[in-house]
Amino acid sequence: MTARKTQRLSASRPRDLAEAARLLREGGLVAFPTETVYGLGAHALEPLAVRAIFAAKGRPSHNPLIVHVAEPARAQALVTEWPASAQTLADAFWPGPLTLVLPKTSDVPDEVTAGGPTVALRCPSHPVARELIERVGAPIAAPSANKSEHVSPTTAAHVLADLDGRIDAVLDGGQSGLGIESTVVWLSEGQWRVLRPGSVTQQQLHDVLGVAPRPDLAQSNVSASSGQGTGAERMPPAAHASPGLMKRHYAPAGTVRLLDAATLARESDHLMKTQGSLGVLLCGEEVPVPSGAHGMRLPRDPAGYARGLYAALRDLEELGCAAIAIQAVPEDPSWAAIADRLQRAAG
Ligand code: AMP
Ligand code: MG
């Protein structure tokens, strides 16, 4: 990939917003704030622009991107099916942190969907994201604005730490409010399934749709394309088509361990001695920071924890911690998206 000079733009300056939109219209790469995390945007209908995202992030080409639209109604133009359930979810959660996976039209380049027949769509609620997309006048493909497999960015500084010199601009709009990626939902007439947990919980989706999610199919079933008469083409995408499901993802450098409170307290000395240095990420007030370790503490409520999670992981990494021990979070559905990210950080 070619080196680029990365402009620092401010979302509070109309001239900077206009410049960000111009860059995107002309096929450039611009990172911008959303309510979940910062996205790395490119014109979604320009294959070359989309390819540049993969080069800048070092992202494998089999990992599809989410397409962002400024208005809920714009999503329908990009898909060949818009089931009643899609409308129900869009009415309930858009603009917001929910992504819908549906069959794509031929307007959507294969680069966006990693060659697959479906496209992931989202209408973000962040006013800067919406204003930017509106000004571009086209849908924007945007994965999280980090190096592939690294921790997602929740500030413009995080974006620059990973991508300075690799993208055309970052539009600074302050800290991302939610701090965790969108919930990704696959749906078809009368059926749905969460592919990646996020701020919108499975229970919320169930309540709004009134039907239970399609039970998890055995992976071999899901990826089998032979299933004659079983409507295999109607089945939810397999894990390889859904990179949020890759085992190690959202990960800081170093050894990451996910431990319950007692094990963390017991093993911290050993980890410090064998790894050289230790950072701990604690949940709530109950566990003290082991002496000699770098400690970060996040609140014991899912919203507050999600908001601070990625910044805390990046801070521990910056402190040079060779090992990071993360205290396990409560086993409650309201923590599902966080537990998912922690498991992936620990690989
Ligand atoms: P990120 O790179 O953090 O923006 O993550 C993008 C996520 O969108 C991935 O983790 C995928 O799970 C999901 N995704 C995008 N497109 C599709 C698709 N066509 N089918 C299934 N999942 C998708
Ligand atoms: Mg990502």
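The values are calculated or read from the model by the stated rules, or taken from the named source; none is laboratory data. Note that the structure is predicted; figures quoted are calculated from it, not measured. For neighbour counting, all protein chains shown are included, and Cβ atoms are generated from backbone atoms with ideal geometry for every residue, glycine included. Side chains are part of the model used for accessible areas, which takes the heavy atoms of the whole protein and leaves out ligands, DNA and RNA. Shrake-Rupley method; radii C 1.70, N 1.55, O 1.52, S 1.80 Å.
Just a few scattered comments:
- Test for Leu163: is it aliphatic (A, V, I, L, M) and either within 16 Å of ligand 1 (Cβ to nearest atom) or open to solvent by 50 Å² or more (accessible area, probe 1.4 Å) (or both): yes
- Strands (runs of 3 or more DSSP E) completely within region 277-347 that count 1 or more residues being within 21 Å of Thr155 (Cα to Cα): 278-283, 294-298
- Any hit, region 17-38, residues being over 30 Å from Leu209 (Cα atoms), touching a residue at least 24 places away in the same chain (Cβ under 8 Å) and acidic (Asp, Glu): yes
Here is a yes/no grid of residues against (1) open to solvent by less than 60 Å² (accessible area, probe 1.4 Å); (2) modelled with pLDDT of 75 or more:
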| residue | (1), (2) |
| --- | --- |
| Ala218 | yes, no |
| His240 | no, no |
| Asp260 | no, yes |
| Thr274 | no, yes |
| Leu281 | yes, yes |
| Pro290 | yes, yes |
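- Total residues in region 294-324 satisfying the condition of being more than 15 Å from Gly284 (Cβ to Cβ) and over 20 Å from the mean Cα position of the chain (by Cα): the figure is 9.
- Within region 183-210, restricting attention to residues that are in contact (Cβ under 8 Å) with a residue 24 or more places away in the chain and of a type in the set (Val, Ile, Thr), the residue that is most open to solvent (accessible area, probe 1.4 Å) is Val208.
- Residue within region 319-333 that is under 23 Å from Ala145 (Cβ atoms) and out of contact with any helix residue (DSSP H, G or I) (no Cβ under 7 Å at 6 or more places or on another chain) present: yes
- In a residue-by-residue description of region 158-181, the property of being modelled with pLDDT under 95, more than 16 Å from ligand 2 (Cβ to nearest atom) and not charged (D, E, K, R) applies to at least one position.
- Contact annotation: residue pairs with Cβ atoms under 7 Å, 6 or more positions apart or on different chains, pairing a residue in region 49-62 that is among the hydroxyl-bearing types (Ser, Thr, Tyr) with a partner that is in a loop (DSSP other than H, G, I, E, B), are Ser61/Ala114.
- Scanning region 103-122 for residues that are under 15 Å from Glu181 (Cβ atoms) and either away from ligand 1 (no atom under 13 Å from the Cβ) or open to solvent by less than 10 Å² (accessible area, probe 1.4 Å) (or both) gives Leu121, Arg122.
- Single unsatisfied condition, Ser268 versus (1) open to solvent by less than 60 Å² (accessible area, probe 1.4 Å); (2) part of a helix (DSSP H, G or I); (3) closer than 25 Å to Glu35 by Cα: (3)
- Each residue in region 182-196 was checked for being away from ligand 2 (no atom under 15 Å from the Cβ) and part of a loop (DSSP other than H, G, I, E, B), and 2 pass.
- Test: residue in region 85-94 that is charged (D, E, K, R), within 28 Å of Thr155 (Cβ to Cβ) and in the same structural domain as Gly137 (by TED's automatic domain parsing): no
- Close pairs from region 71-100: first hydroxyl-bearing (Ser, Thr, Tyr), partner surrounded by fewer than 21 Cβ atoms within 10 Å (Cβ to Cβ) and not in a helix (DSSP H, G or I), Cβ under 6 Å, at least 6 apart: Thr80/Pro103; Thr80/Thr105
- Looking across region 63-78, the residues that are surrounded by fewer than 20 Cβ atoms within 10 Å (Cβ to Cβ) and not charged (D, E, K, R) come down to Asn63, Pro72, Ala73, Gln76, Ala77.
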